[in-house]
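Presented below is the structure to which this report refers.
The values are calculated or read from the model by the stated rules, or taken from the named source; none is laboratory data. Here the structure is a predicted model, which is why all the values come from computation and not from measurement. Cβ sites come from the backbone with ideal geometry, for glycine too, and all protein chains shown count toward neighbours. The protein model used for the area step is the full one, side chains on, heavy atoms only, and it has no ligands, DNA or RNA in it. Shrake-Rupley method; radii C 1.70, N 1.55, O 1.52, S 1.80 Å.
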Amino acid sequence: MSIDLELKKAFSELQVKMLDTQQKAKLSDLQIDQLTRVQKLAKLTSAEISPLSSSTRLYEGVGRMFILQSKEDINNQLMDKQKSADEKIKELEQRKVYLERSVKEAEDNIREMLLSRRHTAQ
């Protein structure tokens, strides 16, 4: 009887861990989507300002204000945004792979527990 209770407890803990890991993987997906949008916007903005002369000064929206900056400054900020988003996306994708592997391992463990329980019950 106590082995059966331990199995049930372990099974429940594995299920909770698996669900938590799946939610973290979904959150990573959402963050990757959001960062991809940031990248696209930065690329579009960069494409819009690239034909302008280098001496052009542009307004950048910061909160509720607009700040006059050089084209070069804004272009550098856009490049930094793209680079930062790239790094975060790579990091999130690695984390997602790890999480998916953890979910698969948890599923395998649950399957093994159920199979061993069936064999001991027979």
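At a glance:
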| read-out | value |
| --- | --- |
| Read-out Rg and Dmax of the Cα atoms in Å, derived from the coordinates shown; its label in (i) 40.1, 118; (ii) 15.7, 48; (iii) 25.0, 83 | (iii) |
| Carbon + sulfur, % of accessible area of the chain - ligands and nucleic acids excluded, 1.4 Å | 54 percent |
| J(HN,Hα) series, segment 7-20, from Karplus relation 6.51 cos²θ - 1.76 cosθ + 1.60, nearest Hz, glycine and proline x | 4, 4, 5, 4, 4, 4, 5, 5, 4, 5, 4, 5, 5, 4 |
| Dipole magnitude of the chain, debye to nearest 20 (Cβ charges: Lys/Arg +1, Asp/Glu -1, about Cα centre) | 180 debye |
| Test item: Cα-centred dipole of segment 1-66, Lys/Arg +1 and Asp/Glu -1 on Cβ, debye | 280 debye |
| Inter-centroid distance (Cα atoms) of segment 43-75 relative to segment 77-122, Å | 40 Å |
| Accessible area per residue, Å², the chain with all protein chains present, probe 1.4 Å | 79 Å² |
| Helix 71-121 axis, angle to the chain major axis (alpha carbon atoms, nearest 10°) | 10 degrees |
| Rg followed by Dmax, in Å, when segment 13-63 is reduced to its Cα trace | 19.6, 62 |
| Restraint check, Lys17/Lys43; Lys43/Lys90; Lys9/Lys90; Lys83/Lys104, Cα-Cα greater than 28 Å | Lys17/Lys43; Lys9/Lys90; Lys83/Lys104 |
| 222 nm mean residue ellipticity, helices alone, for the chain (DSSP H n ≥ 4; -39,500 (n - 2.57); rounded to 500) | -30500 deg cm²/dmol |
| Accessible area of Ile67 in the full protein assembly, 1.4 Å probe (Å², nearest 10) | 60 Å² |
| FRET efficiency, 1/(1 + (r/R0)^6) with R0 30 Å, evaluated for Arg95 and Arg118 via beta carbons | 0.30 |
| Fluctuation leader among Val97, Val38, Val62 - the chain, Gaussian network, Cα springs under 10 angstrom | Val62 |
